[in-house]
1. I need the phi-derived Karplus couplings for segment 192-197: 6.51 cos²θ - 1.76 cosθ + 1.60, θ = phi - 60°, integer Hz, Gly and Pro marked x.
2. Could you give me D for segment 32-105, from Stokes-Einstein at 37 °C and 0.692 mPa s, where the hydrodynamic radius is the Kirkwood radius over C-alpha pairs? Units µm² s⁻¹, please.
3. Taking H placed 1.01 Å from N in the peptide plane, check which residues at least 5 places from Ser229 or on another chain put their amide H under 5 Å from its amide H.
4. Could you state the principal axis extents of the C-alpha atoms in segment 150-213, from the largest down, to the nearest angstrom?
5. Return, for the Cα atoms of segment 1-138, the radius of gyration and Dmax in Å, separated by a comma.
6. Tell me which GluC sites (Glu not before Pro) from segment 165-249 have a DSSP coil assignment and no more than 16 other beta carbons within 10 Å of their own.
7. Could you tell me which of Trp198, Ala75, Pro170 has its Cα farthest along the dipole of the chain towards the positive end, charges placed at Cβ (Lys, Arg +1; Asp, Glu -1), taken about the Cα centre?
8. Ratio of alpha-carbon Rg to the 2.2 N^0.38 Å globular estimate for the chain, to two decimals, please.
Amino acid sequence: MLADTSLLPLLLTQFATQALGYFAVVAAVYQLVWRWGRQRFRAARIPSPRRVDGAQIRREIVHTLATLVAGMATAGTVLALHAAGKTALHDAPTSPWLVLAWVAGGLVWNDLWFYACHRTLHRPWLFRHVHAVHHRSIDVNPFTSYSFHVAEAVLLGLWIVPAALWLPMPMAALGVLQVIGLANNVMSHLGHEFLPRWLLAVPVLRWTNTATFHSLHHTCSRGNYGLHSRVWDRLFGTELPEYERVFRARGDAAAPGSSEAP
Ligand SMILES: [Zn+2]
Ligand SMILES: [Zn+2]
């Protein structure tokens, strides 16, 4: 199906666009936060027991390329199914409110899918053979965002398949979800906490994921499995108990030289 002559150029174009777009965003954020902001954002730097080096970033770039190929396979499957009229997705113009509602629903489903897969990936065998690739990065940075084993990249991207097959989701909502997914992943792996401490006092916002939340997951290699929110971790008792304390204390424990970037 993927060898279809009309689909292959589309997939290659999509891969090139995704790869260029992704690395442009990640490199720009890295340059801004880690290099230009090295001293300026010192107080926001999240403490880590091991510091990032050039070898880590090179390894992350290689794994990211594999992740993007896996993403192309998933996108190609959905596009091929859509072209064959086998999805419930539609391209017709629709109300922005409806798109927004689909985006909200998509975020909840994506968050639940990720939580379930991520917790499963922490089972000993799967962790050793698959998820360890992502966890080799302790001091996370924007290049860590898509640094996955290819099997994990496929698994995490599969959330879209049942949604595309059975839900009459506008394609526009799918596009918005992709952008939010990228932004959230980069934010989670920023290695710096820019969200204000008072976030934890705001009823709905306090349940969103933060850079501290996910950095702690990399430091402890357990707990805080959520993608967009803390909801599932709270519900299933997997949130790390120190999260709120560390979120409030960012900067306090930053050691001298902690903002060094390779
Ligand atoms: Zn993990
Ligand atoms: Zn991560």
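Only the coordinates and a few stated rules stand behind these numbers; no lab work does. Since we're looking at a predicted model, the values are computed, not measured. Backbone-built Cβ (ideal geometry, glycine too); neighbour counts: all protein chains shown.
1. After applying 6.51 cos²θ - 1.76 cosθ + 1.60, I find 9, 10, 9, 6, x, 4 Hz.
2. Details: Rh = 17.1 Å.
Diffusion coefficient, whole number: 192 µm²/s.
3. Here the answer is Asn209, since their amide H atoms fall under 5 Å of that of Ser229.
4. Principal-axis extents of segment 150-213 (Cα, largest first): 41, 29, 16 Å.
5. Here Rg and the maximum Cα pair distance are 19.2, 54 Å.
6. Working: sites: Glu193, Glu239, Glu242, Glu244; in loops: Glu193, Glu239, Glu242.
Here the sparse-neighbourhood loop sites are Glu242.
7. So the residue we want is Trp198.
8. On the way: Rg = 18.8 Å, N = 262, 2.2 N^0.38 = 18.3 Å.
The value comes to 1.03.
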